[in-house]
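Report on one structure; see the data block that follows.
The values are calculated or read from the model by the stated rules, or taken from the named source; none is laboratory data. Just so it is clear, the structure is predicted and the values come from calculations on it, not from any experiment. So basically every Cβ, Gly included, is an ideal-geometry build from the backbone, and we count neighbours across all protein chains shown.
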Amino acid sequence: MLRVLIVDDEAPARKRLRKLLDDLEADDLTIVGEAEDGVDALEHLQEDDVDLVFLDIRMPELDGFDVLERLAPDERPVVVFTTAYDAYAVRAFEANAVDYLLKPIGKERLAEAIDRARRLRGSPETRDLNDARLGKLLDWIDARQEQQQELADLDERTFLDQISVPYRDRILIIPTEDLVTAEINEGITRLFVRTDDDRGPNPHLRQHVVSYTLDQLESNLDPDAFMRVHRSSIVHLKHIKEMIPWFSGRYKLIMTGDHEVIASRERSKKLKSRLML
């Protein structure tokens, strides 16, 4: 007999899953309880005899991962995650013992998960395999979450659309779209800028010495528009006019105003990729 626990913080989701399980009419399956959050789930798992848990991931208080981390390996039932994660996760783990169901859950897919749960029951070797695969799954999902958080943080960041630079007895406010390159030489950072008077076919660039480091500039300039092509230079991609093959796999970049920048070999490859060459 498979003793099943349903864990989901949304009552409609628990009700739907219970109905799907009932519709399977499996004689060896019985639902022993439902939990509406991670704390409730942990109490059930510690007190009740559960063979299979359908475990939601995103829940208040304790999420699905927190619940599993609080259980000793020999106390863990077979786990089937029920969540709204992307289909790539399902595809990546569909051959593994621990299953992973996307909401809304289909009846056939649910039946497959239960069949896997049946196969996992039995010998200690099988349970050890289950725990090992579960650990791999948790590690993979943690990495995915970190990656998604980094992308979300990047999306939420605001990049500079103008830069202040000292000029004689005043401070100039320069739009970043006019910044052609930022370069460092002998510890001095220089900006090469196109000005309002230099927008003709052969513009001359104005230099400005600033206190910013290239690292500071790189972290605050839009990475979709700017690229560090050498440890000593950042270029605005739209101001690249030509790429001339140079020594040892490097490229010489001809920028707006005929300004020249040498891209390192490794970053030349990335630059060509960025420009789809």
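Name the single residue, out of those in the stretch 8-38 being in contact with a Ser or Thr (Cβ under 8 Å, 6 or more places away or on another chain) and not small (G, A, S), that is nearest to M59 (Cα to Cα).
D8
In the stretch 42-60, what residues are acidic (D, E), surrounded by 12 or more Cβ atoms within 10 Å (Cβ to Cβ) and closer than 20 Å to D28 by Cα?
D48, D51
Filter the stretch 42-61 down to the residues that are among the aliphatic types (A, V, I, L, M) and either under 20 Å from L102 (Cα atoms) or in contact (Cβ under 8 Å) with a residue 60 or more places away in the chain (or both) and list them by number.
Matches in the stretch 42-61: L52, V53, L55, I57, M59.
Only residues that are touching a residue at least 40 places away in the same chain (Cβ under 8 Å) and surrounded by fewer than 18 Cβ atoms within 10 Å (Cβ to Cβ): list them for the stretch 26-41, please.
Result: A26, D28.
Of the residues T195, T126, T189, which single one is surrounded by 12 or more Cβ atoms within 10 Å (Cβ to Cβ) and either among the hydrophobic types (A, V, I, L, M, F, W, C) or modelled with pLDDT of 80 or more (or both)?
Answer to the check: T189.
Filter the strands (runs of 3 or more DSSP E) completely within the stretch 35-110 down to those with at least 3 residues that are modelled with pLDDT under 90, closer than 17 Å to L5 by Cα and out of contact with any helix residue (DSSP H, G or I) (no Cβ under 6 Å at 6 or more places or on another chain).
Per the criteria, 78-83.
Given the condition among the acidic types (D, E), within 16 Å of M255 (Cβ to Cβ) and in the same structural domain as S264 (by TED's automatic domain parsing), answer yes or no: does some residue in the stretch 194-205 qualify?
Among the residues of the stretch 194-205, at least one is among the acidic types (D, E), within 16 Å of M255 (Cβ to Cβ) and in the same structural domain as S264 (by TED's automatic domain parsing), which makes the answer yes.
Which residues, taken from the stretch 240-277, are part of a helix (DSSP H, G or I) and modelled with pLDDT of 95 or more?
Answer for the stretch 240-277, where residues must be part of a helix (DSSP H, G or I) and modelled with pLDDT of 95 or more: there is none.
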